[in-house]
Amino acid sequence: LRRTKKKNMERISILCNAIPVNSSDDIDSTVLGFAGIVYEKTVGEEKFTFIENVSNPFSGTILVKGMNSFLRKNTEEIIRNGIKSIKLCFEDKGYLVGGGITELKGSEHLSIYADKIYGEKKIRSFGTK
C-alpha cells in the first residue's frame, strides 16, 4: 500500500508479518508478508482497504458505522470496554460473576418496599410488574 499513515502501516505489518519499506528498491522476499485477499471498498463517502486471510489474525481494526457520531462513539466505547474485560480475564486468569447484580438487588428491594406502601405515595420500581 502506498501513502498510508505510520500507525496503519505498523498494524498492517503486524497482520501480514511484513516489514515496511520506504522505497520499491528495498523490496525482496525477506520483507514480504502474506494476505489472502486485499481489496478497496467505499463505505459512505470514504474508501477503506480491507485485508483478509492474513498470517497473523490477532491484530486488526473493527469498523464501526452508525447514524451519527454519538452512536458511533457509544458503540466504540462498548466494544473497547468488552475487549478490555476479556483481556483482563485472561491476564487475571479468572473473572468475577455478577455484572448488574447491584441493579438487580436494588430493583428487588424497591419492589418489596413498594408493596408495603398504600395510597397516593405508592411507588413501583422500574422493570417490575
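The values are calculated or read from the model by the stated rules, or taken from the named source; none is laboratory data. Only a predicted model underlies this, so the values are computations on that prediction, with no experimental measurement involved. Here the Cβ is made from the backbone with ideal geometry for all residues, glycine too, and neighbour counts use every protein chain on show. The area values use the complete protein model at the heavy-atom level, side chains included, leaving out ligands, DNA and RNA. Shrake-Rupley method; radii C 1.70, N 1.55, O 1.52, S 1.80 Å.
For the range 1-56: of the residues being assigned to a loop (DSSP other than H, G, I, E, B) and among the small types (G, A, S), which is farthest from M67 (Cα to Cα)?
Among them, the one singled out is S29.
Quick check, is I117 open to solvent by less than 80 Å² (accessible area, probe 1.4 Å) and either in contact with an Asp or Glu (Cβ under 8 Å, 6 or more places away or on another chain) or modelled with pLDDT under 85 (or both)?
yes
Spot the failing condition for S13; the list is (1) closer than 13 Å to N56 by Cα; (2) hydroxyl-bearing (S, T, Y); (3) exposed (fewer than 12 other Cβ atoms within 10 Å of the Cβ), and only one is missed.
S13 satisfies all of (1) closer than 13 Å to N56 by Cα; (2) hydroxyl-bearing (S, T, Y); (3) exposed (fewer than 12 other Cβ atoms within 10 Å of the Cβ) except (3).
Identify the residue in the range 16-37 that is open to solvent by 50 Å² or more (accessible area, probe 1.4 Å) and under 21 Å from I62 (Cα atoms) and, among all such residues, is farthest from the chain's Cα centre (by Cα).
The residue in question is F34.
Take the residues of the range 91-110 that are hydrophobic (A, V, I, L, M, F, W, C) and part of a helix (DSSP H, G or I): which is modelled with the lowest pLDDT? Before the answer, list the steps.
Here is the first cut: in the range 91-110, the ones hydrophobic (A, V, I, L, M, F, W, C) are 96-97, 101, 104, 110.
Checking the rest, the ones that are also part of a helix (DSSP H, G or I) come to 101, 104, 110.
On the way: I101: 70, L104: 74, L110: 77.
It comes out as I101.
For the range 21-32, state whether one or more residues are closer than 28 Å to K87 by Cβ and free of Cβ contacts under 8 Å to residues at least 40 places away in the same chain. So that I can check it myself, show each step before the final result.
First, the residues of the range 21-32 that are closer than 28 Å to K87 by Cβ: none.
The answer is no, given that none of the residues of the range 21-32 is closer than 28 Å to K87 by Cβ and free of Cβ contacts under 8 Å to residues at least 40 places away in the same chain.
Show the residue pairs that are 6+ apart or on different chains and have beta-carbon atoms under 8 Å apart, the first residue being within the range 73-84 and in a helix (DSSP H, G or I), the second being of a type outside the set (F, W, Y) and open to solvent by 80 Å² or more (accessible area, probe 1.4 Å).
The qualifying pairs are I79/I62.
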